[in-house]
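Enquirer: This is the structure, below, for whatever I ask next.
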Amino acid sequence: MEKIVPIDLISSNDNYKLRNMIRKDRRIFILFFYMILFLGVSSILVTATPLSINPNSPFKDKNNNGIDDRFERINERTVKVKKDSNRTIISSERKEGMRKDEIKFIIQILSNKTIITVEYSSKSGANREFKFIYEVLGLLEYQDVNMDEIFDSDTDILVQNYSIQYNSSIAYQNTTVDDVIVHYLQIFTLNQIFKINIVASEQFIKQNQITLIPNALKFDFIIKDFPFISNTSRIALHCSLVAETEFRLNSEEEITFGGIGGEENALSSHLTGVNGILSWNPTYLLNEQDRNCTMSIISSIEENNEYKTEFYLNYENGEYILHDPRLGIDGIYKFPISLILIYILIGIGILIVSGIGLVMSKEEYRNYLINRILYRDKELHQLTMEQVLENKIRQKIIDMILDQPGIHYRELLRLVGTSASNLTWHLEVLVNYKIIHKQLIGNYLIYYPYIEKNPFADFDPTLVKSKTTLQIYELIGDNPGIYQNKIANRMGLNHNTVKYHLDKLLEANLIFIQKKGRKKLYYISIDHDSIQENPP
């Protein structure tokens, strides 16, 4: 990608070029003047605010769990377990910061089901702002008539609806693992055919190749010696989720718990800036061998201003089944960012430059980033722009975003080849230094160079709530010049459905059409200039 912001039209006249260069230098001089002024004011405002996190420190991972130690420290939580006659409450409160949020997991055992209520408050001790309920309702055995590995009451044969009878007490103990307090609870049926092990941790910790997350409970669903009537049948775990907003199935591109929990499938509900999440590993253990877990939604209904989603987790026939879902609150991580005010003021200066309309190559872009604050004094705990840009991982991230403006988080994670927490940390540094910017489009987190024109800037994200619309957009981005028939064949959709979604994208100016003979070729809008210069 040669040009980042092709705004100025450079004349071939040498005198015009000279005048344009003088104007550019003058604009950069004005930028430096503003930067010095901003830094002088900001240094006075921020010196009275000492920082607990040092951003000059390199990525550190003393416990070898793939997560930056600084990120772990500021997201550490205090977990307390309180038991009474008919329920157990696990409260999780953030340790650091002036404003400590709180999550409560309220576990109730009835004779035939387990109910876990999750409540979130952005301030400890305040009224809850978000609430959802997860229920484990029962087990059933079925014959999978159409061999799709999910239970469908219309086509499959119900062999037995197994009656679960729980022991009313919850076993509890805690222990210390690598200096981290870990809490263990166990719920089991009277005949111990079905068990639910629950683990809560105060920090991020790796245990049995699984990362425990302080803002979520980790489950082990264990089905042992189930009394199958048929040796060719399957088993389904019946569950439900209830919340003020509807739970929906995440797409494959969406990550849960910042990607720290791994590539899990999930049902999520969003309210007040946070997500309620039930996620699960796409594989489970069957007689010590990995098998694929399938999920099927039975129904999703609204009643009394609440949405209830019922679903099955489906497993094969076997003596021992182990699956490990996760339940918690997503979207509440804090990042070790320092001198935020300086970053905001720097951003104002960059906005001035972006409005001027410079024409830069990649190398000029890097030089510009360095020079814009090259002459400032280095503050305590403050990275210079050279330090930000000399990091090899950040260099790689910048290259990819410059080459693929609009690249999404999952693709970056795949290409950069680092852990999710490490990538998230570096992206936040680049965003806060106004080197790149990010935007949430539907459920996709997308990144652009800061002075790159963002094709989504004036676009209403509510128009692409549809997973199919975003998949078609991504397919066009990966296959520039694809036509409607190929999109329909690739996605297994009928032509009218594809046309509906294409029309939405065209109306939003996210894609455009280039005709080749009788065919209409589709491209995403950020490729428009290059396509016009080099028509197919």
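The values are calculated or read from the model by the stated rules, or taken from the named source; none is laboratory data. Nothing here was measured: the structure is a model prediction, and the numbers come from that model. Cβ coordinates were reconstructed from backbone atoms using ideal geometry, including for glycine residues, and neighbour counts include every protein chain displayed.
Enquirer: Given the criterion at pLDDT 95 or above and acidic (D, E), identify the matching residue among E141, E149. Break it down into steps so the answer makes sense when it comes.
Expert: Details: E149 fails: at pLDDT 95 or above.
Within the list E141, E149, the selection yields E141.
Enquirer: So, in segment 65-98, of the ones that are out of contact with any strand residue (DSSP E or B) (no Cβ under 8 Å at 6 or more places or on another chain) and farther than 30 Å from L423 by Cβ, which residue ends up surrounded by the fewest Cβ atoms within 10 Å (Cβ to Cβ)?
Expert: S85
Enquirer: Taking L445 as meeting all but one of (1) closer than 30 Å to E246 by Cα; (2) at pLDDT 85 or above; (3) not assigned by TED's automatic domain parsing to the domain that holds Y523, write down the number of the exception.
Expert: Here L445 meets the rest and fails (2).
Enquirer: On the basis of being out of contact with any helix residue (DSSP H, G or I) (no Cβ under 8 Å at 6 or more places or on another chain), small (G, A, S) and surrounded by 15 or more Cβ atoms within 10 Å (Cβ to Cβ), does S268 make the cut? Give the derivation first.
Expert: Values: out of contact with any helix residue (DSSP H, G or I) (no Cβ under 8 Å at 6 or more places or on another chain): yes; small (G, A, S): yes; surrounded by 15 or more Cβ atoms within 10 Å (Cβ to Cβ): yes.
Spelling it out, S268 is indeed out of contact with any helix residue (DSSP H, G or I) (no Cβ under 8 Å at 6 or more places or on another chain), small (G, A, S) and surrounded by 15 or more Cβ atoms within 10 Å (Cβ to Cβ).
Enquirer: Also, quick follow-up: Where in segment 87-147 are the strands (runs of 3 or more DSSP E), entirely inside, with at least 1 residues that are over 22 Å from Q203 (Cβ atoms) and in contact (Cβ under 8 Å) with a residue 24 or more places away in the chain?
Expert: On the way: elements: 87-94, 102-109, 114-121, 130-143.
Hits in segment 87-147: 102-109, 114-121, 130-143.
Enquirer: Can you tell me which residue in segment 477-528 is surrounded by the fewest Cβ atoms within 10 Å (Cβ to Cβ), limited to those that are β-branched (V, I, T) and in a strand (DSSP E or B)? If you could, list the steps in order and put the result at the bottom.
Expert: Residues of segment 477-528 that are β-branched (V, I, T), as a first pass: 482, 487, 497-498, 511, 513, 524, 526.
Next, only the ones that are in a strand (DSSP E or B) stay: 482, 511, 513, 524.
Working: I482: 17, I511: 22, I513: 13, I524: 19.
The residue in question is I513.
Enquirer: Inside segment 174-244, counting only strands (runs of 3 or more DSSP E) that do not spill past its ends, which hold 3 or more residues that are of a type in the set (A, V, I, L, M)? Please lay out each step first, then the result.
Expert: Values: elements: 180-188, 194-201, 205-207, 210-212, 216-224, 234-243.
Where strands (runs of 3 or more DSSP E) fall fully within segment 174-244 and carry at least 3 residues being of a type in the set (A, V, I, L, M), they are 180-188, 194-201, 216-224, 234-243.
Enquirer: Which one is modelled with the highest pLDDT, of the residues in segment 404-418 that are farther than 20 Å from S251 by Cα and either in contact with a His (Cβ under 9 Å, 6 or more places away or on another chain) or buried (at least 19 other Cβ atoms within 10 Å of the Cβ) (or both)?
Expert: Here is the first cut: in segment 404-418, the ones farther than 20 Å from S251 by Cα are 404-405, 416-418.
Subsequent filtering for residues that are either in contact with a His (Cβ under 9 Å, 6 or more places away or on another chain) or buried (at least 19 other Cβ atoms within 10 Å of the Cβ) (or both) retains 405, 416, 418.
Numbers: P405: 72, V416: 87, T418: 83.
The extreme case among them is V416.
Enquirer: Just for segment 468-511: of the residues that are at pLDDT 85 or above and among the charged types (D, E, K, R), which one is nearest to I524 (Cα to Cα)?
Expert: Applying the filter and picking the extreme gives D503.
Enquirer: Now a separate question. Return the pair list, or none, for Cβ contacts closer than 6 Å from residues in segment 497-512 that are closer than 12 Å to I487 by Cα to residues that are surrounded by fewer than 19 Cβ atoms within 10 Å (Cβ to Cβ) and hydrophobic (A, V, I, L, M, F, W, C), at least 6 apart or on different chains.
Expert: V498/A488
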